[in-house]
Amino acid sequence: DSGVTQTPKHLITATGQRVTLRCSPRSGDLSVYWYQQSLDQGLQFLIQYYNGEERAKGNILERFSAQQFPDLHSELNLSSLELGDSALYFCASSARGGTSGEQYFGPGTRLTVT
Amino acid sequence: QQQVKQSPQSLIVQKGGIPIINCAYENTAFDYFPWYQQFPGKGPALLIAIRPDVSEKKEGRFTISFNKSAKQFSLHIMDSQPGDSATYFCAASDTTSGTYKYIFGTGTRLKVLA
């Protein structure tokens, strides 16, 4: 158990809808990273937050957004969902200050768009 | 230049064998190279990581070999066990900006036969 929690575990929704995925980092970790894992694209970095501020952006679509709250939990919002957004979404957290390369991944949220 | 190429895609070894998974990168700014293990239905778990200032690092039965001039690194699993059957991902990161966004390889599915 990495100490990173994600909810929900599974999500099934229809095209065009909007969903919110939630992540709680390990106690004391200030950085949260979001990744998407799909069969055709593999594991791809989406976005990083550090202590409430956006720190780095990857291949995140404009339909997707994220934020990190004062209690350090993070949410990934996916809107205008398309079939191709079906994937596993992982969040990871890293040690205080983001100065450690070690990222600890949560169990993921499996999103199915029908 | 941002890619990390991983091979082989899949690997089958006998118990006690030494599977070797290889990764290559182009971006010379990459300076942190972790390996992750992922079991079905779980998030990736950090196994071992290396920086370019060392050529080899061992942790238990897992060894990373790093060749900076060739821009290649590999994972060796000593005395492999059926419980090591999983998907392994290499990754690379340029940490000079203070972030650790990973570029992942495409993964190697390892099966260790009893």
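Points worth noting:
- Pairs with C-alpha atoms separated by more than 18 Å, drawn from the list A:9/B:42; B:71/B:111; B:5/B:68; B:5/B:71, are B:71/B:111.
- Estimated vicinal HN-Hα couplings, Hz - segment B:51-61 in sequence order (Karplus 6.51, -1.76, 1.60; Gly, Pro = x): 10, x, 7, 10, 9, 7, 9, 10, 9, x, 8
- Peptide B:95-106, shielding by other chains (average Cβ, 10 Å cutoff): 6
- Candidates B:101, B:58, B:42, ranked by Gaussian network fluctuation over chain B, Cα under 10 Å, top entry: B:42
- Computed over segment A:1-74: relative contact order in percent, which uses C-alpha pairs under 8 Å that are six or more apart: 24
- Derived scalar couplings ³J(HN,Hα) [segment A:38-50; Karplus, 6.51 cos²θ - 1.76 cosθ + 1.60; whole Hz; x for Gly, Pro]: 10, 5, 8, 9, x, 8, 10, 6, 9, 6, 10, 10, 10
- Set the Cα radius of gyration of the protein assembly as shown against 2.2 N^0.38 Å, with N its number of residues, and you get 1.01.
- Distant-in-sequence amide H partners of residue B:31 (H built 1.01 Å from N, under 5 Å): B:93, B:94, B:95
- For peptides B:10-17, A:45-52, sequence by mean Cβ density within 10 Å, most packed first: A:45-52, B:10-17
- Normalised by residue count, segment B:1-41 yields a Cα convex hull volume of 114 Å³ per residue.
- Under the Debye formula (equal points on every Cα, no solvent term), log10 I(q)/I(0) of chain B at q = 0.12, 0.20 Å⁻¹: -0.38, -1.04
- ³J(HN,Hα), Karplus 6.51/-1.76/1.60, whole Hz, each residue of segment B:5-14, x for Gly, Pro: 9, 10, 8, x, 6, 8, 8, 10, 9, 7
- Proximity of backbone amide H atoms, modeled 1.01 Å from N, is registered between residue B:111 and B:11, B:12, B:13 at under 5 Å, excluding neighbours fewer than 5 places apart on the same chain.
- For residues of B:34-44, the mean tally of beta carbons on other chains within 10 Å: 4
- Cut-off 16 Å, label 7 Å out along Cα→Cβ of residue B:111, residues of segment B:59-103 by amide N: B:81-88
- Computed over chain A, the alpha-carbon pair-distance distribution with 10 angstrom bins reads 16, 51, 28, 5, each value a whole percent.
Just so you know, all these numbers are worked out from the coordinates, no wet-lab data involved. The structure presented is a predicted model; accordingly, all values stated were derived computationally and were not measured. Neighbour counts run over all protein chains shown; Cβ positions are idealised from the backbone, glycine included.
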